[in-house]
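Below is one structure, written out as structure tokens; the observations come after it.
The values are calculated or read from the model by the stated rules, or taken from the named source; none is laboratory data. In this text the structure is predicted, and so the values were computed from the model without any measurement. Neighbour counts are summed over all protein chains in view; Cβ atoms, including those assigned to glycine, are modelled from backbone coordinates with ideal geometry.
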């Protein structure tokens, strides 16, 4: 809700409403049938603030990229494709995501990209900072390598080994956008 | 006997003046309201519990001939709202909008600075602003007359929230967020310097 004054003293006073946004890409899961064009187009979405009020409505463009408005502590993004509803809670972190060189940073990016990394860690989303290959992350890294033309494409000689080395870190950063 | 009116959330001088049929300037400049005027400085922003003295109406005598029809018009003073829309600190410039107040809707477009100005009835308490078209539309819920004075903690919180700071936690954390962004000394304390900067950024 915005607190707006009724102005009666000329036009010098005004009230500012700032919305903060984060860019979100809605994409199909990264595997071969979808190729490189994975954006989810034409999905209706709405965004609610932390009180449940709808603050934004729209339809996703071809690349699936939307600017989600964040109000207060968090916003909830609801994707309304047909009768199915996907719901995401979106917070703005004041600090950047963990570095891609750390296990936690690799896990968070794999998770954002839709790979299965289990449910360990404090948030129950598999981001626990425990180094690969002690858990599902090595398997997910292997899938990412298989999905990435720069690693698995024609003429590439990088190892498909499930180890998150320099090339795989670059692929993670590029795909996740952070 | 003058009436002592106690301000509720959502009241301002224009809404109270409209309610009693008195021009707001007369109310604002009335000697009995001098103390309140000095305290709040802005007739648009009052705090619940403030007391406004409503003077008695004065009779006005008009002479007209008896053989013709005469029209007397009740003067109603328009009030307006002026809002600046920003997204991540950039103006939402030249953006088409629809403002729904009461039963009517006003269509327009923000200017190059992201400002929009609209006349509203003095007794309107809420409105819905739909901004943008096409793939993304924003919905703003507006509560008119609810902005509290910047001298109060409520007034500071409201302004910080509208500038996009997270005010769900405590005031001090939100103030620090603002101070960080403004490159001010991090104190988390609301003082005159903070109020001045906040007023400048928010516009009132």
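Can you list the strands (runs of 3 or more DSSP E) found entirely within the range B:1-106 that contain at least 1 residues being within 12 Å of chain A (Cβ to nearest Cβ) and modelled with pLDDT of 90 or more?
Working: elements: B:3-6, B:51-54, B:79-87, B:96-101.
Hits in the range B:1-106: B:79-87, B:96-101.
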Has the range B:170-179 got any residue that is buried (at least 18 other Cβ atoms within 10 Å of the Cβ) and within 15 Å of the chain's Cα centre (by Cα)? no
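Residues checked against (1) more than 29 Å from residue A:68 (Cα to Cα); (2) without any contact (Cβ under 8 Å) to a residue 40 or more places away in the chain:
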position	(1), (2)
B:126	no, yes
B:130	no, yes
B:141	no, yes
B:162	no, no
B:179	no, yes
B:195	yes, no
B:200	no, yes
Among B:50, B:42, B:56, the single one that is over 15 Å from the mean Cα position of the chain (by Cα) and within 17 Å of residue B:147 (Cβ to Cβ) is B:50
In the range B:107-128, anything within 16 Å of residue A:14 (Cβ to Cβ) and not in a strand (DSSP E or B) is listed as B:110, B:111, B:112, B:113, B:114
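Please specify each residue of the range B:127-146 satisfying the condition of being touching a helix residue (DSSP H, G or I) at 6+ places or on another chain (Cβ under 7 Å) and either closer than 16 Å to residue A:46 by Cβ or modelled with pLDDT under 90 (or both). Before the answer, list the steps.
Of all residues in the range B:127-146, those touching a helix residue (DSSP H, G or I) at 6+ places or on another chain (Cβ under 7 Å) come to B:145.
Once the filter is applied, which keeps residues that are touching a helix residue (DSSP H, G or I) at 6+ places or on another chain (Cβ under 7 Å) and either closer than 16 Å to residue A:46 by Cβ or modelled with pLDDT under 90 (or both), the range B:127-146 yields nothing.
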Residue B:137 vs (1) assigned to a strand (DSSP E or B); (2) exposed (fewer than 11 other Cβ atoms within 10 Å of the Cβ): all pass except (2)
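Check whether at least one residue in the range B:84-92 is outside the structural domain of residue B:124 (by TED's automatic domain parsing), without any contact (Cβ under 8 Å) to a residue 60 or more places away in the chain and under 30 Å from residue B:114 (Cβ atoms), and report yes or no.
Applying the first criterion (outside the structural domain of residue B:124 (by TED's automatic domain parsing)) to the range B:84-92 yields none.
Taking every residue of the range B:84-92 in turn, none turns out to be outside the structural domain of residue B:124 (by TED's automatic domain parsing), without any contact (Cβ under 8 Å) to a residue 60 or more places away in the chain and under 30 Å from residue B:114 (Cβ atoms).
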Within the range B:11-36, the count of residues that are surrounded by 18 or more Cβ atoms within 10 Å (Cβ to Cβ) and within 18 Å of the chain's Cα centre (by Cα) comes to 12
